[in-house]
Amino acid sequence: MDDFLIECVDCEDDFLFSVKDQEFYKQQGFEDPKRCRGCRRARKNRTKTNSSRGNVYNQNRTQRNGAVKANDNRPHWSIVCIDCNKQAMVPFEPQGPARCKRCHWNFKNRGRQTYSHAGR
């Protein structure tokens with residue numbers, strides 16, 4: 001079993017599903033997650049009703065605007081990934097060909113063996 005990326009069904013951002021998380025989900029009988037941690041929290045908080053604190057909390061939570069957080073004040077540039085040819089936003093000005101987050105992560109970890117940090 002290895003760590004792998006899952007695309008969130010809400011924000012379409014990639015999140016890591018670690019070996020430790022996979023073991024926990026399997027032990028509990030859960031299906032693989034469909035949403036990243038932030039979207040799961042936001043969804044959980046949206047289900048709270050008649051709570052002004054919950055509503056304020058929801059308004060202040062990180063929302064997604066495409067691939068960029070709405071409260072992220074850094075400038076972002078649009079690129080076309082050189083590996084998957086999908087359009088993506090990056091928080092740096094590309095000086096040449098660039099990869100989206102998922103392809104960059106896969107390229108960076110290509111050929112590396114992943115280790116579980118269960119002992120930590």
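The values are calculated or read from the model by the stated rules, or taken from the named source; none is laboratory data. Bear in mind the structure is a predicted one, so any value in this text is a computation, not a measurement. Cβ: placed from backbone, ideal geometry, glycine included. Neighbour counts: every protein chain shown.
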>> Restricting to segment 70-88, and then to whatever is out of contact with any Pro (no Cβ under 6 Å at 6 or more places or on another chain) and crowded, with 16+ Cβ neighbours inside 10 Å, can you tell me which residue is modelled with the highest pLDDT?
In response: CYS81
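Are any residues in segment 91-106 touching a Lys or Arg at 6+ places or on another chain (Cβ under 8 Å) and crowded, with 16+ Cβ neighbours inside 10 Å, and if so, which ones? It would help to see each step written out before you state the result.
As a first pass, look at segment 91-106 and keep what is touching a Lys or Arg at 6+ places or on another chain (Cβ under 8 Å): 91, 100.
Once the filter is applied, which keeps residues that are touching a Lys or Arg at 6+ places or on another chain (Cβ under 8 Å) and crowded, with 16+ Cβ neighbours inside 10 Å, segment 91-106 yields only CYS100.
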>> Please pick out the residue among GLY54, GLY119 that is surrounded by fewer than 11 Cβ atoms within 10 Å (Cβ to Cβ), at pLDDT below 80 and out of contact with any Phe, Trp or Tyr (no Cβ under 7 Å at 6 or more places or on another chain).
In response: GLY119
> Name the pairs whose Cβ atoms lie under 6 Å apart, with the first residue in segment 24-47 and closer than 17 Å to ASP14 by Cβ, the second hydroxyl-bearing (Ser, Thr, Tyr), and 6 or more positions between them or separate chains?
Replying inline: GLY38/THR62
>> Return the pair list, or none, for Cβ contacts closer than 6 Å from residues in segment 5-19 that are at pLDDT 90 or above to residues that are small (Gly, Ala, Ser), at least 6 apart or on different chains.
In response: VAL19/SER116
